[in-house]
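**Student:** Have a look at this one before I ask anything.
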Amino acid sequence: MLSAYVTHPSSLLHEMGPGHPECPARCSAIHDYLLSHSILDLMVPYTAPAATLAQVHRVHDALYVAELMASVPAEGYHHVDPDTAMNCHTLDAAWHAAGAAVLAAEIVARGEAASAFCNVRPPGHHATRHEAMGFCFFNNVAVGIAHALAECGVSRVALVDFDVHHGNGSEDIFANDERVLMVSTFQRGLYPMSGEEALGPNSCNVPLEPRSGRDALRDAVTRHWLPALEDFRPEMIFFSAGFDAHREDDMGRLGWVEADYTWITQQVMGVAARHSRGRIVSLLEGGYALSALARSVAAHVRVLMGAD
């Protein structure tokens with residue numbers, strides 16, 4: 001069965017100023033690499049709809065959403081924190097990025113595709129229930145998971161987050177929710193300086209030391225993630241797929257390469273085959289060295305497609 005590829009043109013219009021690492025070129029680099037390496041020929045393209053207000057309200061406070069909607073600038077930028085800004089297109093992109101997660105969940109749940117990759121931005125895993133931060137406005141993966149639980153006939157969903165930064169927003173939203181298990185790795189001591197202590201028993205956070213490399217990654221996955229996932233038996237799995245742990249990306253110092261993203265995805269695919277009927281949704285989070293980002297996404301997607 002082919003994999004789904006979900007995008008929206010608005011991802012290319014949101015930008016936060018010259019030189020900002022979370023830039024439209026991220027989506028373009030991924031798309032161009034997948035196209036030039038004939039990977040998109042083996043995927044079914046979908047255009048993301050905008051998420052509805054009700055879908056976003058499942059994971060975000062209504063007052064926060066209203067304040068965000070009122071903050072869209074007619075021109076220039078509105079900063080929600082020193083590193084995170086809105087232009088006139090940002091909220092449209094955010095609605096469609098969240099909508100991509102909803103559509104991907106439905107595609108996979110209906111069996112139209114065994115897996116889906118969403119090449120959308122802004123990313124989402126730092127957005128908490130009531131706060132935008134860390135380049136994120138709506139928590140896309142949380143919106144998708146909440147929709148899957150409410151509308152797609154699943155009762156247990158796993159969230160796998162391998163971004164170099166802790167997905168604090170996702171953990172905030174799902175803390176103590178028995179229907180969701182979050183497993184994550186991230187570099188210790190990086191923004192947002194959280195994750196050392198789990199917020200609830202449904203979080204399996206494994207901070208990794210700088211320059212710890214693939215051995216520490218594999219130990220974290222085999223000793224911590226996989227037992228937790230096997231015990232949980234997820235009916236669907238979502239990836240917060242951040243690629244900023246790559247050795248070419250100066251956001252972190254974990255030193256991973258494409259083969260590490262291949263290996264992580266293979267391990268989770270095994271869990272999905274045993275418990276989730278292979279159903280996986282992956283959403284782009286971080287990754288700012290464009291060449292490394294594109295190559296790493298391709299490595300990840302090839303496994304999702306069953307090519308590796």
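**Student:** Antiparallel as a % of all DSSP beta bridges within the chain, to the nearest 5?
**Tutor:** Of those bridges, close to 10 percent are antiparallel.
**Student:** Can you compute the charge dipole magnitude of the chain about its Cα centre, using +1 on each Lys and Arg Cβ and -1 on each Asp and Glu Cβ, nothing else charged? Give it in debye, rounded to the nearest 20.
**Tutor:** So the dipole magnitude of the chain works out to roughly 820 debye.
**Student:** I would also like to ask the following. Report, by chain and number, residues whose modeled amide H sits under 5 Å from the one on Leu159, excluding near sequence neighbours (fewer than 5 apart, same chain).
**Tutor:** Excluding prolines and chain starts, which carry no amide H, the hits are Leu181, Met182, Val183, Phe238.
**Student:** So what is the 222 nm mean residue ellipticity for the chain from helices alone, if each DSSP H run of at least 4 adds -39500 (n - 2.57) and you divide by all residues, rounding to the nearest 500 deg cm²/dmol?
**Tutor:** Rounded to the nearest 500, the figure is -11500 deg cm²/dmol.
**Student:** Evaluate 2.2 N^0.38 Å with N set to the residue count of region 3-304, then give the Cα radius of gyration divided by it.
**Tutor:** So region 3-304 has a normalised radius of gyration of 0.89.
**Student:** Thinking of region 132-234 as a set of Cα atoms, what percent of all their pairs are more than 16 Å apart?
**Tutor:** Across region 132-234, Cα pairs with separations above 16 Å total 57 percent.
**Student:** Order these peptides, 20-31, 143-154, by their mean beta-carbon neighbour count within 10 angstrom, highest first.
**Tutor:** Peptide ranking by packing, descending: 143-154, 20-31.
**Student:** What translational diffusion coefficient, to the nearest whole µm²/s, does region 167-308 have by Stokes-Einstein, given a Kirkwood radius computed over alpha-carbon pairs, a temperature of 20 °C and 1.002 mPa s viscosity?
**Tutor:** Answer, rounded: 140 µm²/s.
**Student:** Rg(Cα) of region 47-159 divided by 2.2 N^0.38 Å?
**Tutor:** Cα Rg divided by the expected 2.2 N^0.38 Å: 1.06.
**Student:** Relative contact order for the chain using alpha-carbon pairs under 8 Å, separation at least 6, rounded to a whole percent?
**Tutor:** This gives 19 percent for the chain.
**Student:** What Rg and what Dmax come out for region 78-119 when only alpha-carbon atoms are used, in angstroms?
**Tutor:** For region 78-119, the Cα-based Rg and Dmax read 14.2, 42 Å.
**Student:** May I ask you to order 164-172, 81-89, 268-276, 248-256 by the average number of other C-beta atoms within 10 Å around their residues, highest value first?
**Tutor:** Packing proxy ranking, top to bottom: 164-172, 248-256, 268-276, 81-89.
**Student:** Further, regarding this structure: Would you mind putting 37-46, 93-102 in packing order, based on average other-beta-carbon counts within 10 Å, highest first?
**Tutor:** 93-102, 37-46
**Student:** What would the Debye equation give as log₁₀ I(q)/I(0) for region 109-157 at q = 0.13, 0.26, 0.32 Å⁻¹, counting only Cα atoms as equal point scatterers?
**Tutor:** For region 109-157, the Cα-only Debye profile gives -0.37, -1.00, -1.14.
**Student:** Another question, if that's okay. Give me, ordered by chain and number, the residues 5 or more places off His126 or on other chains with an amide H under 5 Å from its own placed amide H.
**Tutor:** Excluding prolines and chain starts, which carry no amide H, the hits are Gly169.
**Student:** Rounded to the nearest 0.05, what FRET efficiency do Gln266 and Met1 give with R0 = 22 Å and r taken as the Cβ-Cβ distance? Could you check?
**Tutor:** 0.80
**Student:** If you don't mind, there's one more thing I want to ask. Provide the three semi-axes, in whole Å and in decreasing order, of the ellipsoid equivalent to region 210-252 as defined by the square roots of 5 times the Cα gyration tensor eigenvalues.
**Tutor:** Over the Cα atoms of region 210-252, the ellipsoid semi-axes are 25, 15, 5 Å.
Each reported figure results from applying straightforward, stated rules to the coordinates on display, with no laboratory input. Predicted, not measured: the structure shown is a model, and the values here were computed from it. Counting neighbours? That spans all protein chains shown, and the Cβs are built from the backbone with ideal geometry, glycine included.
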